Amino acid sequence: MSSSIVDIFNRVPSDRIYIQNTSECVFYGDVKDSINQFREEHPYLVGKNCSLVTNSRFSLAKFLPLIASVANKILLQPKCLTDEVKSEFYEQSDIEYVIDIVESGVFPSKVSPTSPKKEQTQEWLISTSGTTGTPKLTSYNLDSLMKTSKNNLTKGSSFRWGLCYDLNRFAGLQVYLQAIASGSSLTISESTEEVSISVKLFIDKGVNCLSATPSFWRKVLMTHGSNLIDLKRITLGGEISEQPLLDALKKHFASSEIVHIYASTEAGVGFSVKDGFAGFPSDYVSSSRFSSVSLKIVNKILWIKSDRSASNVLNGKIETDIDNYINTGDIVEVNDDRILFVGRVSGAINVGGNKVVPEEIESVLNSHPMVIQSKVFGKKNSFLGMLVNAEVISKHALGLNEKKAFKFELIKFCKGKLEPYKIPGIIKFVESIDVNESGKIVRK
């Protein structure tokens, strides 16, 4: 795979659609024609360290290859950074220009008077989501980011990807790079759009490959007419892919291949699971199972070593051992020949001295046939320290008496599957559950 974004675009036939939305369509040839013009109009950006800021996924995709054709470092800045974290990121990565990207073009502003030493290899800087803590800033080269990308242009001509992630996040960047590596089209929905609008866009543009978090897929399943998206491939990532959701997707999109991927911003793309079952086979935990990835479990925590991981962590720290395995912070349990994800160490709540993992309780609640999705969290309690609370989306609208009856039913349903201190003390029925920019449940 080429290490230059220009070389990647030059491989693709010019008449193929690169990106599209409801009102605009950009061809690969348009990008090729614009690269030299961009360099002529912005010669001061050649070899510079740039942070890219935007509220539009489509605009970022439109101008990213142009900026990447000249920049030394590319910081894909997420929208949610505090001023303090932003300053740390700029300092650690020697940012010289902040480029505001809007529909009409790019607007660079110089933020540093210094000219730092240039790296020999272009760097792509990606922030972690910071779901349960301060975001980290990782560094990749393009070759590492694209190690799992397929580059068959013939097959790629038939793939029409939909983008449901922010492009400045690791998952979104992976979808983007896979699309351009194989010369496929990318239909882009915006994070501000209702899921029903995104679904209609994907139907209208003939999207047949779609990657999203389990939280987003649950919303898709709730959207009328979503089965009309003629999907060949469904990909899930970023959160635990539970069996009821995998089963529901298979029923809803009967002709689609369903894949859930384990990846993180720090460790890169780890592995994929295609057998339709939650978790992954226990034989994955073997140095001989994969050529580029090794897994091990230490005290119920998954550790990973990969040649696809970040080359550097510029802001924040990751825990590694003497053999260069990365502590993922993901709790797993071995169930016969299957390893199942339980939740995140960092998200555990303290209930009367007992550690409670929210995702474990959510998995039980979500397995009830009348529950679409749930969110479990702790609320301060003077006696127990924390009390387990749950928000639940029911498949059907409930009246007041029905809500009371369903609460008792859910508590009874949990009793045979969870220890008493894990059973939610308070259950609230809601119409939606908030997700962050990465498409994951908001847990702060």
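Since every read-out is calculated from the coordinates, none of them should be taken as a lab result. Note that the coordinates shown come from a computational prediction; the quantities given were computed from them, not determined experimentally. Reconstructed Cβ throughout: ideal geometry from the backbone, glycine too, with neighbour counts over all protein chains shown.
For segment 348-429, what's the relative contact order in percent, using C-alpha pairs closer than 8 Å and at least 6 residues apart?
Values: 121 pairs, mean separation 25.0, N = 82.
Once normalised by length, the contact order is 31 percent.
When Lys and Arg each count +1 and Asp and Glu each count -1, what net charge do the other residues less than 11 Å away from Gln243, Cβ to Cβ, add up to? Could the numbers behind the result be given before it?
On the way: positive: Lys250, Arg338; negative: Glu242, Asp247.
That sum, taken over residues with Cβ under 11 Å, equals 0.
Top mean-square fluctuation among Glu319, Glu402, Glu242, Gaussian network model of the chain, C-alpha springs under 10 Å?
Highest fluctuation among the options: Glu402.
With an 8 Å cut-off on Cα pairs and a minimum separation of 6 or more residues, tell me the relative contact order of the chain in percent. Walk me through the numbers before you get to the answer.
Working: 892 pairs, mean separation 50.5, N = 444.
For the chain, the relative contact order is 11 percent.
Putting +1 on Lys and Arg Cβ atoms and -1 on Asp and Glu Cβ atoms, find which of Gly352, Leu76, Val273 reaches farthest to the positive end of the dipole of the chain.
Going by the charge dipole, the pick is Gly352.
Just the number, please: percent antiparallel of the DSSP beta bridges in the chain, rounded to the nearest 5. All intermediate terms of the calculation are to be shown ahead of the outcome.
Details: 53 of 87 bridges.
Taking every DSSP beta bridge with both residues in the chain, the antiparallel ones total about 60 percent.
Average the reciprocal distances over every distinct pair of alpha-carbons in segment 306-444, invert the result, and give the Kirkwood radius in Å. Present the calculation step by step, with values, prior to reporting the outcome.
Details: mean 1/r = 0.0584 Å⁻¹.
Taking every pair of different Cα atoms in segment 306-444, averaging 1/r and inverting gives 17.1 Å.
Test of understanding: ordering Lys79, Lys136 by Cβ neighbours within 10 Å, fewest first, what list do you get?
Values: Lys79 11, Lys136 21.
Exposure proxy ranking, most exposed first: Lys79, Lys136.
If each DSSP helix of 4+ residues adds -39,500 (n - 2.57) and the sum is divided by the residues in the chain, what number results at 222 nm, nearest 500 deg cm²/dmol? Don't jump to the answer; show the numbers that get you there.
Numbers: 12 runs with 117 residues, N = 444.
Mean residue ellipticity, 222 nm, calculated: -7500 deg cm²/dmol.
Out of residues 5 or more away from Leu314 or on other chains, whose amide H comes under 5 Å of its own, with H placed 1.01 Å from N in the peptide plane?
Those qualifying (amide H under 5 Å, at least 5 residues apart or on another chain) are Leu137, Thr138, Ser139.
For the chain, with only Lys/Arg (+1) and Asp/Glu (-1) charged at the beta-carbon, what is the dipole magnitude about the Cα centre, in debye rounded to 20?
Details: 52 positive and 49 negative charges, 197 e Å.
With only Lys, Arg, Asp and Glu charged at Cβ, the dipole is about 940 debye.
Return a whole-number percent for the relative contact order of segment 24-145, with Cα pairs under 8 Å and 6 or more residues apart as the contact set.
Working: 178 pairs, mean separation 30.0, N = 122.
Reported as a whole number, the value is 25 percent.
Taking neighbour Cβ counts within 10 Å as the exposure measure, how do Arg443, Arg338 sort from fewest upward? Walk me through the numbers before you get to the answer.
Numbers: Arg443 17, Arg338 14.
Result, fewest neighbours first: Arg338, Arg443.
Below 9 angstrom from the Cβ of Gly206, what's the summed charge of the other residues (Lys, Arg +1; Asp, Glu -1)? Don't jump to the answer; show the numbers that get you there.
Numbers: positive: Arg160, Lys205; negative: Asp204, Asp230.
My count for the surroundings of Gly206 gives 0.
Between the helical axis of 57-68 and the dominant principal axis of the chain, each derived from Cα atoms, what acute angle in degrees is found, rounded to the nearest 10?
Taking the Cα atoms of the chain, the angle to 57-68 is about 40 degrees.
Can you find, among Val376, Tyr18, Ile258, the residue sitting farthest towards the positive end of the charge dipole of the chain, where Lys and Arg contribute +1 and Asp and Glu -1 at Cβ?
Of the listed residues, the answer is Val376.
How large is ³J(HN,Hα) for each residue in segment 368-376, as worked out from phi by the Karplus curve 6.51 cos²θ - 1.76 cosθ + 1.60 (θ = phi - 60°), to whole Hz, x for Gly and Pro?
Using θ = phi - 60°, the values come out as 6, x, 9, 10, 8, 7, 9, 9, 10 Hz.
Once you have a ≥ b ≥ c as the square roots of the Cα gyration tensor eigenvalues for segment 293-370, tell me rounded if a/c is under 1.5, and otherwise prolate or oblate according to whether a/b is larger than b/c. Walk me through the intermediate numbers first.
Numbers: a/c = 2.20, a/b = 1.65, b/c = 1.33.
Prolate, since a/c reaches 1.5 and a/b exceeds b/c.
Per residue of segment 23-33, what does 6.51 cos²θ - 1.76 cosθ + 1.60 with θ = phi - 60° give for ³J(HN,Hα)? Whole Hz please, x for Gly and Pro, Karplus curve as stated.
Running phi through 6.51 cos²θ - 1.76 cosθ + 1.60 with θ = phi - 60° gives 10, 9, 9, 10, 9, 4, x, 4, 5, 4, 5 Hz.
Using a simple charge model, +1 on the beta-carbon of Lys and Arg, -1 on the beta-carbon of Asp and Glu, nothing else, what dipole does segment 348-429 show about its Cα centre, in debye to the nearest 20?
Details: 13 positive and 7 negative charges, 43 e Å.
Its charge dipole is roughly 200 debye.
Can you sort Leu75, Leu410 by how many other beta carbons sit within 10 Å, fewest first?
Working: Leu75 28, Leu410 23.
The most exposed by this proxy come first: Leu410, Leu75.
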